[in-house]
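Enquirer: Below is a structure I'd like to ask you about.
Readers should treat all values here as calculations from the given coordinates under stated rules, not as data from a laboratory. These numbers were taken from a predicted model, which means no experiment stands behind them. Note: ideal-geometry Cβ built from the backbone for every residue, glycine included; neighbour counts use all protein chains shown.
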Amino acid sequence: MRRLICCIWISLSVLLPSLLWAGGEKTSTLVVVADTRRVSSGILRYFADLYNTDPWMFAVWAVVLTAVYGAFLGVVMDFIMTRTGLDLKSRKLIEH
Amino acid sequence: MEWLYLYMPIAGVNIFWPGLVLIGFSVGTIGGFFGMGGAWMVTPGLNILGFPMAFAIGTDMAHIAGKSMISTMRHAKFGNVDYKLGLIMLIGTMGGIEVGAQMVMHFERLGNVGPVVRWTYVIFLALIVWMVFYDYSKARKKKSTHAAEGERGVEGVTWYKTLHRINIPPMMHFKVAGITCSMWLPILVSFLTGVLAGFLGIGGGLFRMPALIYLIGAPTHVAVGTDLFEVMISGLYGAFTYSLKGRIELVAVFVMLTGAAIGAQIGTVATKYAKGYGIRVAFGMAVVACMVSIILKQFKFDDPAAVIILGAIGLLCLYIIAILWNGAKQELREKKLALSSGTTPQHPE
């Protein structure tokens, strides 16, 4: 239940700025067309096409993939670091 | 040597990808150690690689979100992340950023936004530098006179103690940070740092980390971890809005994130072997480099500005890696000695 409340809180905190009346456009939309003729890879072509045709879906994918890749790398690096034999779960809080 | 260049499908350019990995690694190391995103470090690096500046901020924002996620995961295992404090501060940060952005648009309409933003940035950076080194000199003086130590050892500046006496309900206890204060204190502090961040067009970690230490009273290591948690969330929001406006190069994000994954671990684990004031003083040096670079850019010395920033990044990375190397070496040596003598290994100080 606590985790659910935490997730809802985080989601609201991310969405809140777009709902604020004071919020305005900080940066203008860039009009660029990705040249898909030079893209041979299937997946890169898909994302280049998405960038050209559906900015909303592209933005969603960008955030989701960044978060997923970040979490994946975090887990992998955690695994590698634990193999070093260092204690990675505790530290002393010494200021001076 | 063609394999060293990667085609960016959206930007339509070939970029030297090891450079992107190196930028990600450096920013990951420094960001993980100081608890900030590091956008001010990324832009000169991307500029030198020939990365189109139209995509630089959005790409950087997404990469910072991912990198901060990795650092937060590591800091959380150390017990350095106060989620309650971070979430409360998000309210103020997000509101502040929007107000700051509106202020900068107002100045844009007046037609004098550039110099105002830059000199405001310089003034606040100078304030942070003064605060950090004044705090350090005060702490050293107290230590040399064998002054009574608080629960965290000798501290210089303790403005947060005065602010904690403000008794506006609801009063909240933040367990990980070990502080009890009015809920409005972190909200107000994060709102003010958010206004600055929105006005200056930066993430805000540069201001929020010292604010967490000096105004809210979080221990340095908890300030670093909690700030990274906030940077992660605000970075994801920034990545979304910049993606919506077509200002992101996803391939570059993933390449930089790969380098940042290694750097973030190094920077974060190095905090274990650094004392709070070591982190604060190094942070002060980083802010000095940033301030000097902005002053040089204001007077159109762009190349020397880039040299200062990149030089500072290089030196800071080496410093952090040295801290990790020496600390880890000592810990493993003590562990080995303890195992061979049959006693429980002590945590290194």
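Enquirer: A 32 angstrom limit on the alpha carbon distance is what I want to check against. Which of B:K143/B:K297; B:K141/B:K175; B:K138/B:K335; B:K161/B:K329 exceed it?
Expert: Values: B:K143/B:K297 40 Å; B:K141/B:K175 30 Å; B:K138/B:K335 36 Å; B:K161/B:K329 37 Å.
Listed pairs above 32 Å: B:K143/B:K297; B:K138/B:K335; B:K161/B:K329.
Enquirer: Points 7 angstrom from Cα along the Cβ direction at A:M1 and A:V60: gap in nanometres?
Expert: Spacing of the two 7 Å Cα→Cβ label points: 3.2 nm.
Enquirer: Output the peptides B:61-74, B:11-24 sorted from most to least packed, where packing is the average of other Cβ atoms within 10 Å over each peptide's residues. Display every interim value, and only then the final one.
Expert: On the way: B:61-74: 30.6, B:11-24: 20.2.
Top to bottom by mean Cβ count within 10 Å: B:61-74, B:11-24.
Enquirer: Using 7 Å Cα-to-Cβ label points, what is the B:K329/A:D49 separation (nm, one decimal)?
Expert: It is 5.5 nm.
Enquirer: Let me ask something additional. Compute the FRET efficiency between B:L127 and B:F301 as 1/(1 + (r/R0)^6), taking r as their Cβ-Cβ distance and R0 = 25 Å, and round to the nearest 0.05.
Expert: Numbers: r = 23 Å, r/R0 = 0.93.
Given R0 = 25 Å and the Cβ-Cβ separation, E is 0.60.
Enquirer: Separate question: Under 1.5 on a/c is rounded, so check that first for the range B:178-317, then, if it is not, pick prolate when a/b is larger than b/c and oblate when it is not; a ≥ b ≥ c are the square roots of the alpha carbon gyration tensor eigenvalues. Before the final figure, lay out the partial values.
Expert: Working: a/c = 1.35, a/b = 1.20, b/c = 1.12.
Verdict is rounded for the range B:178-317.
Enquirer: Hey, another quick one. Assuming R0 = 35 Å, what is the FRET efficiency of B:L339 and B:L318, from their Cβ-Cβ distance, to the nearest 0.05?
Expert: Details: r = 31 Å, r/R0 = 0.90.
FRET efficiency, B:L339 to B:L318: 0.65.
Enquirer: Under a point spin-label approximation (7 Å from Cα along Cα-to-Cβ), what is the B:W159-B:I48 distance to one decimal in nm?
Expert: 3.4
Enquirer: Any idea what the dipole of the protein assembly as shown comes to, in debye rounded to 20, about its Cα centre with Lys/Arg Cβ at +1 and Asp/Glu Cβ at -1? Let's see the in-between values first.
Expert: Numbers: 37 positive and 24 negative charges, 229 e Å.
Dipole size: approximately 1100 debye.
Enquirer: Among the helices of chain B (complete DSSP H runs), which have Cα atoms covering no less than 20 Å along the helix axis and a Kyte-Doolittle mean of at least 1.6? All intermediate terms of the calculation are to be shown ahead of the outcome.
Expert: Working: long enough: B:17-34 (25 Å, 1.52); B:53-78 (38 Å, 0.37); B:83-110 (40 Å, 0.83); B:113-144 (46 Å, 0.46); B:184-200 (24 Å, 2.03); B:220-244 (36 Å, 0.88); B:250-270 (29 Å, 1.95); B:276-298 (33 Å, 1.45); B:302-341 (58 Å, 0.78).
Helix filter hits for chain B: B:184-200, B:250-270.
Enquirer: Kindly provide the chymotrypsin sites (Phe, Trp or Tyr not before Pro) of the range B:264-349 that DSSP labels as loop, not H, G, I, E or B, and whose Cβ sees at most 15 other Cβ atoms within 10 Å. Please report the intermediate quantities before stating the final value.
Expert: Working: sites: B:Y273, B:Y277, B:F283, B:F299, B:F301, B:Y319, B:W325; in loops: B:F299, B:F301.
Counting only loop positions with at most 15 other Cβ atoms within 10 Å, the chymotrypsin sites (Phe, Trp or Tyr not before Pro) in the range B:264-349 are B:F299, B:F301.
Enquirer: Once every DSSP H run of n ≥ 4 in the protein assembly as shown is given -39500 (n - 2.57) and the sum is divided by its residues, what mean residue ellipticity at 222 nm do you get, rounded to the nearest 500 deg cm²/dmol?
Expert: Numbers: 15 runs with 311 residues, N = 445.
Calculated from helices alone, the mean residue ellipticity at 222 nm is -24000 deg cm²/dmol.
Enquirer: Moving on. For A:F72 and B:N167, what is the calculated FRET efficiency with R₀ set at 45 Å and r taken between the beta-carbons, to the nearest 0.05? Show your work: numbers first, answer last.
Expert: Numbers: r = 46 Å, r/R0 = 1.01.
With R0 = 45 Å, the Cβ-Cβ based efficiency is 0.50.
Enquirer: Now a separate question. Which one, B:A264, A:M57, B:L244, projects farthest toward the positive side of the charge dipole computed for the protein assembly as shown from Cβ point charges (K/R +1, D/E -1)?
Expert: B:A264
Enquirer: So how much slack lies between B:V116 and B:H146, counting 0.36 nm per residue of separation and subtracting their Cα-Cα distance, in nm? Don't skip to the answer; put the middle values down first.
Expert: Numbers: separation 30, 0.36 × 30 = 10.80 nm, distance 4.48 nm.
Computed gain between B:V116 and B:H146 is 6.3 nm.
Enquirer: In the range A:46-96, what trypsin sites (Lys or Arg not before Pro) fall in a loop by DSSP, with at most 15 other Cβ atoms inside 10 Å?
Expert: Values: sites: A:R83, A:K89, A:R91, A:K92; in loops: A:R83, A:K89, A:R91, A:K92.
When the trypsin sites (Lys or Arg not before Pro) of the range A:46-96 are filtered for loop state and at most 15 Cβ neighbours within 10 Å, A:R83, A:K89, A:K92 remain.
Enquirer: Ranked highest first by the average count of other Cβ atoms within 10 Å around their residues, in what order do A:70-76, B:134-140, B:289-295 fall? Could the numbers behind the result be given before it?
Expert: Numbers: A:70-76: 18.3, B:134-140: 16.4, B:289-295: 20.3.
Those peptides, ordered most packed to least, come out B:289-295, A:70-76, B:134-140.
Enquirer: Now, a different point. Could you tell me which of rounded, prolate or oblate describes chain B, using a ≥ b ≥ c as the square roots of the eigenvalues of the alpha-carbon gyration tensor, with rounded for a/c under 1.5 and, failing that, prolate when a/b is larger than b/c and oblate otherwise? All intermediate terms of the calculation are to be shown ahead of the outcome.
Expert: Details: a/c = 1.67, a/b = 1.20, b/c = 1.40.
Since a/c reaches 1.5 but b/c is at least a/b, the shape of chain B is classed as oblate.
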